[in-house]
Amino acid sequence: MTLISIISPTYQLIEAGRQAFFTQAFASLHSQTNCQFEHIIVDGASADGTVQHISGLIEGLPIDAAPVHFLSEPDNGLYDAMNKGAAMAKGQYLVFLNSDDFFNSPDALSILSSKMEHGDPSYIFGRQFSLDETGTKRLWKNMSPKSILNQMPFGYASIAFKRDMFLALNGHDTRYKICADYDLIFRIIGGGYRGKRLKEPIGVFRTGGVSGDTERTSLEHMRVWKVRMNDFVDISHISDDEILLWLHRGQFPIRLLLSIFCQPNTPRDLRNACMHAAIKTVRRIFKSRKNC
C-alpha cells in the first residue's frame, strides 16, 4: 500500500482557542484503518503551551502507531510550514491536514490510497464537508478542475498530491498568505497535470480562520488569477478592479476565455475550465437581463 505523508502546520493553538480542534484532527488521523502513513507536524515555534500539548498527544499513541515527526521552529507562516513538511516527507503522496480540519471517516486514507496504485495520478481528490460554528455540516458540490477560473476547485483537506510533482513545482508560493493553495492548484491545472476524482468525501473543513476574511481573500485571489493567466494571454493592461469585478460576479469576457482556449499551450483541463466559465457567464448575463 502506498505510503502517504500527512502534514499538519500549527502555531499558537492554545492562544487561538484551537487546541481542541487540533486534538480532533490528530485523533481522526491516528484512528485511520490504513496505517501506511506518516504524520509530520510543523509548528512555528509556539510559546503558549502548544508544543507541550502536541508532545503529549504523540506520547499517548500506542507503540505500534504510525510514525510522527514533530518540528517546532520559526517559519514564514502557514504555507512555509507546509513546504517544510513536504521537504521532510518520505511518502509518495502528500495530504495537508490543517489544525482545524479532520478526516471524515476512519477509511478516508484507505479510500485515497485505493486510487494511488492505478495510473499513477498526479493528484487525487475526493469530496469535502464544511463545518460552520453552529455545527452545521454541508457537503461541497461540483468539485472539479473545470472550476479553477471561478473558485478553489477542491477542498484542501480532501486532496492528495504526488510528492514529486509538488517539489517540481517548488511547492506553495509563500508570497501568498491566504491563497497559496489556490495558486498551487492553478499551476497544477495550468501545467497539464491530470488527477483522479473520488465520489466519497475525504475531509471536513472548519469554516472561519484567515480564509474567512472575504476582502483579503478576494484581493489575493485576484493577484493569483492575474499572474497565472499571464502565462497564457497578456492581461497586464487590465486593472485589478476589473478582474475583481469578474471574480465577484463570476462573469468573464468571452473573448478572453476564447483566447485562452485557443492557445496551443493550454492544457485540456484549463480548456474545459474556459468552456465552463463561458457557459456560467452566459447564463448569468441572461438571468440578470431577465430580472431587469
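Structure above, values below:
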{"read-out": "Cα-centre dipole for the stretch 51-128 with unit charges at Cβ (Lys and Arg positive, Asp and Glu negative), debye to 20", "value": "180"}
{"read-out": "Order of exposure, largest accessible area first, which applies to 275, 88 with probe 1.4 Å", "value": "275, 88"}
{"read-out": "Estimated FRET transfer efficiency when R0 is 25 angstrom, pair residue 70-residue 110 (beta carbons, to 0.05)", "value": "0.50"}
{"read-out": "Estimated [θ] at 222 nm from DSSP helical runs (n ≥ 4, -39500 (n - 2.57)) normalised by residues in the chain, nearest 500", "value": "-12500 deg cm²/dmol"}
{"read-out": "Longest site-free stretch - the chain; sites: GluC sites (Glu not before Pro), DSSP loop, at most 16 other Cβ within 10 Å", "value": "134-292"}
{"read-out": "For the stretch 55-163, accessible area per residue (1.4 Å probe, heavy atoms of protein chains only), Å²", "value": "44"}
{"read-out": "When each of 90/115; 141/162; 141/226; 162/226; 137/226; 146/287 is checked by Cα-Cα distance, pairs over 30 Å", "value": "137/226"}
{"read-out": "Positive-end residue of 42, 32, 17, charge dipole of the chain with Cβ unit charges", "value": "32"}
{"read-out": "Gain in span if fully extended, residue 284 to residue 223, counting 0.36 nm per residue against the direct Cα distance", "value": "19.6 nm"}
{"read-out": "Lys, Arg +1 and Asp, Glu -1 on Cβ, resulting dipole of the chain about Cα centre, debye, nearest 20", "value": "1920"}
{"read-out": "Spatially proximal aspartates and glutamates relative to residue 196 (Cα-Cα < 19 Å; intrachain offsets below 8 disregarded)", "value": "107, 117, 120, 164, 181, 269"}
{"read-out": "J(HN,Hα) series, the stretch 84-100, from Karplus relation 6.51 cos²θ - 1.76 cosθ + 1.60, nearest Hz, glycine and proline x", "value": "4, x, 5, 5, 7, 5, 10, x, 6, 10, 10, 10, 9, 10, 5, 5, 8"}
{"read-out": "Cα gyration tensor shape of the stretch 1-100, rounded if a/c is under 1.5, else prolate or oblate by comparing a/b with b/c", "value": "oblate"}
{"read-out": "Candidates 54, 124, 235, ranked by Gaussian network fluctuation over the chain, Cα under 10 Å, top entry", "value": "235"}
{"read-out": "Cα gyration tensor shape of the stretch 124-231, rounded if a/c is under 1.5, else prolate or oblate by comparing a/b with b/c", "value": "oblate"}
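The values are calculated or read from the model by the stated rules, or taken from the named source; none is laboratory data. This structure is a prediction, so every number in the text was calculated from the model and none was measured. Neighbour counts run over all protein chains shown; Cβ positions are idealised from the backbone, glycine included. For accessibility, only protein heavy atoms count, side chains too; no ligands or nucleic acids. Shrake-Rupley method; radii C 1.70, N 1.55, O 1.52, S 1.80 Å.
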